[in-house]
Amino acid sequence: MSWAATPPQAVTARVPAKVNLELMVGPRRSDGFHHLATVFQAVGLHDDVTVEPAQEWGVTINGPYADLVPADGTNLAMRAARLLAREAGIDVPVHITIDKDIPVAAGMAGGSADAAATLLACDALWGVWSSKAELEEMAADLGSDVPFALLGGTAMGSGRGDQLAPVLGRGRYTWVFALSDVGLKTPDVYAECDRLRSHLRVGEPAPSSAMMTALRSGDAASLGRALSNDLQAAALSLQPTLAEVLATGMDNGALGGIVSGSGPTVAFLVSDTERSLDLAVALTASGAAPSVKRAIGPVRGAHIITAASGPRGSLGSTGHSGPVGHRSN
Ligand code: C5P
């Protein structure tokens, strides 16, 4: 794809949140990260990220979580834009606007999602046309979950979670997410996991056959039973009230419940939309969860939804498929 006449003045990319259906945590590596064997699923809670040329680099966050996200150079979306600019030899600042619906510090990879969407959007805005491999490499530099936010669907993650292989699974799953008022920091949860297991000999993590069988069958009840997360005990240790959230969900018809990633969001799998409404009401009414979101998974990864070309208006919806990049390295 190339821009026929006028390059776009603004590009918007949409990106999903994730839940880990299985998260096996191995030993800590020499670089401080942990060996992982995980299964990601992208779920239909989205952020929309718009980039447009500006006099100086900047970021604006819209939505209920705006106050919780840094709007400076430490923002992962800003770091993504600057990384691509550096790699491609671009010297045009952008302003990034994030319409945020993915909860922050919640174990749903919201910051990673914004970084992935920013990479795609800037790549299109600047006409860099990085290859898929180049985008994946930059994504992995930015964070362990960023490559999956680009890919979406359901995928196995190994290494530190950045080495991906799509899973050919069946089924469309209905999720209910019990959010928490207080976030958990991912490094703190990994450190607590290490502390809780300090007396154990931790082996290399491997995906379970129960998870793969469940995904192949497309049976939500089997998937519910197969959900597992080695970080759950650590998240519960740091935030003990999550045990009550899990119990409330399981008492009210969930097929399975799990802390999402490093938490504190708790993800419940249910059989259909009606059950998801019932569970959302039960979780809210019991006071166990201050707020609840519902979503379907799997959904596609980051993709461009609009590229507006100034006076001529929208170029419409595009997919990202360009010629091999012409980056400077
Ligand atoms: O890669 P990312 O920046 O998202 O990781 C955040 C933190 O989570 C790391 O600094 C590390 O403390 C922890 N982490 C880990 N092992 C992984 C992924 C993340 O210890 N595989």
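The values are calculated or read from the model by the stated rules, or taken from the named source; none is laboratory data. Please read all numbers here as calculations on a predicted model, not as lab measurements. Here the Cβ positions follow ideal geometry from the backbone for every residue, glycine too, while neighbour counts run over all protein chains shown. These area figures cover heavy atoms from the full protein model, side chains too; ligands, DNA and RNA do not enter into them. Shrake-Rupley method; radii C 1.70, N 1.55, O 1.52, S 1.80 Å.
Of everything listed in (1) open to solvent by less than 40 Å² (accessible area, probe 1.4 Å); (2) within 16 Å of the ligand (Cβ to nearest atom), the single unmet condition for Glu136 is (1).
For the stretch 116-126, does any single residue satisfy the condition of being over 27 Å from Gly263 (Cα atoms), open to solvent by 20 Å² or more (accessible area, probe 1.4 Å) and away from the ligand (no atom under 16 Å from the Cβ)? Yes, the conditions are met somewhere in the stretch 116-126. In this structure, Gly257 does satisfy being in contact (Cβ under 8 Å) with a residue 12 or more places away in the chain, away from the ligand (no atom under 16 Å from the Cβ) and outside any helix (DSSP H, G or I). The set of residues in the stretch 271-283 that are touching a Lys or Arg at 6+ places or on another chain (Cβ under 9 Å) and touching a residue at least 60 places away in the same chain (Cβ under 8 Å) comprises Thr273, Ser276, Leu279, Ala280. How about the stretch 83-115: which of its residues are within 16 Å of the ligand (Cβ to nearest atom) and either surrounded by fewer than 20 Cβ atoms within 10 Å (Cβ to Cβ) or of a type in the set (Phe, Trp, Tyr) (or both)? Hits for the stretch 83-115 are Leu83, Val104. Residues of the stretch 139-155 that are more than 10 Å from the ligand (Cβ to nearest atom) and open to solvent by less than 40 Å² (accessible area, probe 1.4 Å): Ala139, Pro147, Phe148, Ala149, Leu150, Gly152, Gly153, Thr154, Ala155. Does any residue of the stretch 270-281 turn out to be touching a strand residue (DSSP E or B) at 6+ places or on another chain (Cβ under 6 Å), closer than 21 Å to Pro64 by Cα and in a strand (DSSP E or B)? So far as the stretch 270-281 goes, no, none of its residues is touching a strand residue (DSSP E or B) at 6+ places or on another chain (Cβ under 6 Å), closer than 21 Å to Pro64 by Cα and in a strand (DSSP E or B).
Pick from Ala221, Ala235, Ala243, Ala247: which is modelled with pLDDT of 95 or more, open to solvent by less than 60 Å² (accessible area, probe 1.4 Å), touching a helix residue (DSSP H, G or I) at 6+ places or on another chain (Cβ under 6 Å) and away from the ligand (no atom under 16 Å from the Cβ)?
Being modelled with pLDDT of 95 or more, open to solvent by less than 60 Å² (accessible area, probe 1.4 Å), touching a helix residue (DSSP H, G or I) at 6+ places or on another chain (Cβ under 6 Å) and away from the ligand (no atom under 16 Å from the Cβ) holds for just one of Ala221, Ala235, Ala243, Ala247, which is Ala243.
Which one is nearest to the ligand (Cβ to nearest atom) among residues in the stretch 157-191 that are surrounded by fewer than 18 Cβ atoms within 10 Å (Cβ to Cβ) and of a type in the set (A, V, I, L, M, F, W, C)? Among residues in the stretch 157-191 that are surrounded by fewer than 18 Cβ atoms within 10 Å (Cβ to Cβ) and of a type in the set (A, V, I, L, M, F, W, C), the one nearest to the ligand (Cβ to nearest atom) is Ala191.
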